[in-house]
Amino acid sequence: MTRSLPENYREILIGLGEDPDREGLLDTPLRAAKAMQYLCHGYEQSLDEIVNGALFASDSDEMIIVADIELYSLCEHHLLPFIGKAHVAYIPTGKVLGLSKIARLVDMFARRLQIQENLTRQIADAVQQVTDAAGVAVVIEARHMCMMMRGVEKQNSTMNTSVMLGAFRESSNTRQEFLQLIGRRSKCHNYNREWRASGSRICACAPLSGSTRTRSSTSRKC
Ligand SMILES: [Zn+2]
């Protein structure tokens, strides 16, 4: 941690009209700095270090899915948390990645300042890069505190993003199999068309949990 981080938090307290010398706040600048540093520890990690040689030879060419990976990140616009889950799938071509590595890889990118769209793309690209897979799919469903606690204050909105590479982008059967396996049998008629067109999209459908939808300007009701 740079020495100035706790000092900057002290300035923030003053800026908010607080007295940083009152008893309850005496240690807050240091605690807040440590917490923020932990929430951003992904900057100190690299893909090589995460994978650490845990790539294994395999004849399997079946889809491998790691679903419901817990995800905690901070939005880069407001420094407020967004929380959700990631579903990652790939189709190996001779190499498989240790399962825990997928979760650690998600965490490495999530523990940086992010927007959900970029996070989804970074995870997909990293899995592709490491495994040289025939296809990679990543779906993230998350709730954004910057939307729930401020602004429009929509308590039940979930934002869904996805990136489909290779076989997941080219084959609607492969894509549908993945979506069914992660339990998001989409009612959205735009899924297939838009994925084919761009390889990624923000879905404006209500997720199966029944929550209502996202703030993104590129999304729409369907
Ligand atoms: Zn935000």
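The values are calculated or read from the model by the stated rules, or taken from the named source; none is laboratory data. What you see is a predicted model; the values in this text were computed from it and never measured. Please note: Cβ atoms are built from the backbone with ideal geometry, for glycine as well, and neighbour counts cover all protein chains shown.
If a residue must be more than 24 Å from THR174 (Cβ to Cβ) and not β-branched (Val, Ile, Thr), how many such residues does the stretch 33-68 contain? Qualifying residue count, the stretch 33-68: 20. Taken over the stretch 155-174, residues that are more than 12 Å from the ligand (Cβ to nearest atom) and touching a helix residue (DSSP H, G or I) at 6+ places or on another chain (Cβ under 7 Å) amount to 12.
GLY17 passes every criterion in (1) more than 25 Å from THR158 (Cβ to Cβ); (2) in contact with a strand residue (DSSP E or B) (Cβ under 6 Å, 6 or more places away or on another chain); (3) surrounded by fewer than 14 Cβ atoms within 10 Å (Cβ to Cβ) apart from (2). Condition check: at negative phi, part of a strand (DSSP E or B) and away from the ligand (no atom under 16 Å from the Cβ). Does PHE56 satisfy that? For PHE56, the condition - at negative phi, part of a strand (DSSP E or B) and away from the ligand (no atom under 16 Å from the Cβ) - is met. What pairs come out if I take residues in the stretch 148-168 that are on the phi > 0 side of the Ramachandran plot and pair them with residues that are of a type in the set (A, V, I, L, M, F, W, C) and modelled with pLDDT of 95 or more whose C-beta lies under 8 Å away, six or more apart or interchain? Correct list of pairs: GLY166/ILE91; GLY166/ALA133; GLY166/ALA134; GLY166/VAL136.
Might you check whether a residue that is under 29 Å from the mean Cα position of the chain (by Cα) and among the basic types (Lys, Arg) occurs anywhere in the stretch 32-47? Within the stretch 32-47, one or more residues are under 29 Å from the mean Cα position of the chain (by Cα) and among the basic types (Lys, Arg). Residue-level check: of (1) over 28 Å from ALA133 (Cα atoms); (2) without any contact (Cβ under 8 Å) to a residue 60 or more places away in the chain, CYS75 misses just (2). Within the stretch 109-118, is even one residue polar (S, T, N, Q), more than 16 Å from the ligand (Cβ to nearest atom) and closer than 30 Å to MET1 by Cα? There is no residue in the stretch 109-118 that is polar (S, T, N, Q), more than 16 Å from the ligand (Cβ to nearest atom) and closer than 30 Å to MET1 by Cα.
If you go through the stretch 1-31 one residue at a time, how many are assigned to a loop (DSSP other than H, G, I, E, B) and modelled with pLDDT of 95 or more? The number of residues fulfilling the criteria is 9. Does the stretch 78-101 include one or more residues that are crowded, with 20+ Cβ neighbours inside 10 Å, assigned to a loop (DSSP other than H, G, I, E, B) and either within 16 Å of the ligand (Cβ to nearest atom) or over 10 Å from the mean Cα position of the chain (by Cα) (or both)? There is at least one residue in the stretch 78-101 that is crowded, with 20+ Cβ neighbours inside 10 Å, assigned to a loop (DSSP other than H, G, I, E, B) and either within 16 Å of the ligand (Cβ to nearest atom) or over 10 Å from the mean Cα position of the chain (by Cα) (or both).
Counting the residues of the stretch 145-163 that are out of contact with any Asp or Glu (no Cβ under 9 Å at 6 or more places or on another chain) and at pLDDT 95 or above gives 1. Identify, please: which residue in the stretch 119-154 is away from the ligand (no atom under 16 Å from the Cβ) and of a type in the set (Gly, Ala, Ser) and is, among those, surrounded by the fewest Cβ atoms within 10 Å (Cβ to Cβ)? Checked the stretch 119-154; the qualifying residue surrounded by the fewest Cβ atoms within 10 Å (Cβ to Cβ) is ALA134.
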